[in-house]
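Take a look at the structure below.
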Amino acid sequence: MKADRLLICDMDFAGNNQFDAAENIYFAASSDSTEGILQTAASIISRKKIVNVFLIVHGVSVVSIESYEGRSREGGYSLPDKVGGFGLHLGADIITVTNDFLFRKWANLGVKNIVFLSCSAANSDPKKVGGWGDGKLMLQNIANAAGATVYSSDATQYIDGDWEGDMFRFRPHSTSRGSRVLRPYPAILNRTFASYTESIEE
């Protein structure tokens, strides 16, 4: 087991991944407290000296003008006609640009990398830059709040395959809104057939 890793995983995917991590948190997206999940993770990170955190969580996408206006949200894997970047289903409250500061709970704990396996999390609707629906802003805010480098893709993901779409890196203490990572991806991002196989060395 990789002693410096923590996996935070939606129970939806609990039986579908082979992840080499010494510590695991499984949660129910519809009922478990978002702040509670982050606080539990903070305790484990501090106690176990976790450096790399991997999150397997649903991305939030929208399908209609009503959704754009904030009246409905849909968690789950995005279909081609949906627009992603509206949040992360990390518990009952959902992480969005309105509460991404909650990752401050992980600041100064030694986390270096945070990887989101989430559909379209790094997608940003051109009509929503700077607000709800700007996934790149949300992920940059998470990087800044946690003081860690954040990685995520801008496309639909599948638990049993490799990364889809473009991968983006969001470095902390920045306003850059991320940069595209060119293949071949660094070891921390290698993923094949339901298994994370990276050695963490870059």
Mean Cβ-within-10 Å packing, highest first, puts peptides 118-124, 87-93 in the order 118-124, 87-93
Ordering ARG191, ARG104, ARG169 from largest to smallest accessible area (1.4 angstrom probe), what's the sequence?
ARG104, ARG169, ARG191
At a probe size of 1.4 Å, how large is the accessible area of ARG177, to the nearest 10 Å²?
70 Å²
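What do you reckon, how do GLU35, GLU23 stack up by accessible area (1.4 Å probe), largest on top? It would help to have the intermediate numbers written out before the result.
Details: GLU35 85, GLU23 40 Å².
Putting GLU35, GLU23 in descending order of accessible area: GLU35, GLU23.
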Pop out the carbon and sulfur fraction of the accessible area of the stretch 121-179 as a percent, whole number, probe 1.4 Å.
47 percent
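The values are calculated or read from the model by the stated rules, or taken from the named source; none is laboratory data. A quick note: this is a predicted structure, and the numbers were derived from the prediction, not measured. FYI the Cβ positions are ideal-geometry reconstructions off the backbone, even for glycines, and counts take in every protein chain you see. Please note that ligands, DNA and RNA were not included when accessible areas were found on the heavy atoms of the full protein model with its side chains. Shrake-Rupley method; radii C 1.70, N 1.55, O 1.52, S 1.80 Å.
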